[in-house]
């Protein structure tokens with residue numbers, strides 16, 4: 001019985017860590033506002049009772065459920081969880097690989113996800129350019145930067161150099177990774 005409880009706690013701990021990594025990747029991608037260019041279709045309207053205004057729409061600073069729920073609708077992560085199987089599935093990344101020692105992860109980005117600007121007065125959506133790996137790197141560095149003071153920066157400590165930069169031991173953001 002004791003071993004079963006211990007294994008269950010270990011499984012929950014692993015699942016919690018995986019979920020935190022996915023949440024942080026979404027937070028780290030604060031610069032990624034994505035969506036395909038609409039084709040003369042009727043706009044989709046999402047009505048949701050949030051219980052109040054979100055304090056922030058910045059994924060790197062969101063700590064409350066209202067902000068996090070909004071960010072989940074607005075931003076993509078490198079990966080996501082399949083809602084039915086809980087398996088990790090592609091999102092911004094179309095595929096990925098892991099080095100033999102497990103220390104280097106390589107993500108290949110989709111090329112069909114675009115930055116967009118939306119003008120609420122004219123309802124015009126304008127594509128600005130593709131979301132790139134540089135945008136993801138920017139989001140990670142921004143989240144780690146101690147000047148931003150992201151409450152969830154610690155989740156990115158799995159990235160080489162992230163903890164040293166976030167805690168001030170290192171000041172060069174380019175040492176991350």
Based on alpha-carbon positions alone, could you give the equivalent ellipsoid semi-axes of region 98-177 from the gyration tensor, as √(5λ), descending, whole Å? 30, 19, 9
Using 0.36 nm times the number of residues separating residue 66 and residue 112, minus their current alpha carbon distance, what extension gain do you get? 13.7 nm
Arrange 42, 108, 114 by Cβ neighbour counts within 10 Å, fewest through most, would you? 42, 108, 114
Calculated FRET efficiency, residue 134 and residue 42, Cβ-Cβ r, R0 41 Å, to nearest 0.05? 0.75
Enter the Cα centre distance for the pair region 162-177 and region 100-147, rounded to the nearest angstrom. 21
With Rh as the Kirkwood radius over Cα pairs, region 30-177 has Rg/Rh of 0.99
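We did not get these values from a lab; they are worked out from the coordinates using the rules stated. Treat the numbers as computed from the prediction; the structure is a model and nothing was measured. Quick reminder, even Gly has a Cβ in these numbers, built from the backbone with ideal geometry, and neighbours come from all protein chains shown.
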